Amino acid sequence: MRSFSEFDPVALTVWFFSVTGVAMFCGHPLLMVISLAGAMLFFAVRNGTKHLRSHIFFIALFAVLALANPLVSHNGATVMFVLNDRPITLEALLYGINSAAMIVGVLYWFRSLTQIMTSEKVLCVAGTFSPKLALVLSMALRSVPMFARRAKQVSDAQKAMGLYSEDNIVDDLRGRMRVFSIISTWALENGIITADSMTARGYGTGRRSQLRRFRFTAADGVFTLVTLALLGVTAAAIATDSLTFTFYPRIDIAVSGTLGICGAIAYGALVLLPIFIETEVSLRWRYLQSKI
């Protein structure tokens, strides 16, 4: 019994980029609605009523993006009204709503991605394809909080010594520049020390091994195959123009044939896949608790 976040990082990465890739590179409104609804539902299932500010921000962003396009672009044959001698067309409004749904949906997906894909999982995925890239990322992730702590130490030391303590912009800038200079020098020295330490330990002299804390199990393989199969059906429908939608100059909808319908259904199943998994885990857990 594994929740969605407990799957192998490689499998999770394949799924996330499959969902967001279709949303970003296919502008069909049906797929955008599926993506946005699925992203909001998945975010709500994982977080409940938390992150209310995030929802307010995304709603405001959706409204701004949807209304900005008809005010800037005046293409389209169906004029709804004229504002300051500029036509506001139905096609431009619908295109703005569709673009806003795509952007907000992708932002929701990546917000969930940052919650699930911890730095350890990111390093695991990077190490699978390039161990050197994983090493660089791990050193970078380690350096950011370390530099922040050192900058605070230097700033506190300057304040304790009474340097740059006057309440004005010039004094504040001088103090920050001094902290930046000290941190930059320390970062260069730390890089040299790290390089010498790695050389002394024999880095680069032989074949490197990799610590993997995540195992790619049969369940991960099945999940990845299902993801790729659903993505393949959706991509085939998009590539054969079975899922096309034209906004300009007039709206032209095309969900043609069985392949187009199957592509939309496949993308819907792909989006809802983690929700099915989370629901199944929750129901099974409640059933087991009822047996105690």
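The values are calculated or read from the model by the stated rules, or taken from the named source; none is laboratory data. Predicted model, so just to flag it, every value in this text is computed and none were measured. Please note: Cβ atoms are built from the backbone with ideal geometry, for glycine as well, and neighbour counts cover all protein chains shown.
Could you list, in sequence order, the residues of region 8-38 that are buried (at least 19 other Cβ atoms within 10 Å of the Cβ), farther than 15 Å from LEU228 by Cα and of a type in the set (A, V, I, L, M)?
Listed by number, the residues that qualify are ALA23, LEU31, MET32, ILE34, LEU36.
Could you list, in sequence order, all residues of region 24-40 that are under 17 Å from PHE58 (Cβ atoms) and modelled with pLDDT under 90?
Selection gives MET24 alone.
From the set of residues in region 226-251 that are in a loop (DSSP other than H, G, I, E, B) and among the β-branched types (Val, Ile, Thr), which is modelled with the highest pLDDT?
THR240
Matching residues to (1) crowded, with 17+ Cβ neighbours inside 10 Å; (2) of a type in the set (S, T, N, Q); (3) under 28 Å from ASN47 (Cα atoms):
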{"position": "MET117", "(1), (2), (3)": "yes, no, yes"}
{"position": "MET139", "(1), (2), (3)": "no, no, no"}
{"position": "VAL144", "(1), (2), (3)": "no, no, yes"}
{"position": "MET161", "(1), (2), (3)": "no, no, no"}
{"position": "ASP172", "(1), (2), (3)": "no, no, no"}
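From (1) under 26 Å from GLY127 (Cα atoms); (2) at pLDDT 80 or above, pick out the condition that doesn't hold for THR205.
All conditions pass for THR205, except number (2).
Taking region 62-91 as the search range and keeping residues that are at pLDDT 80 or above and polar (S, T, N, Q), which one is surrounded by the most Cβ atoms within 10 Å (Cβ to Cβ)?
Here the residue is THR89.
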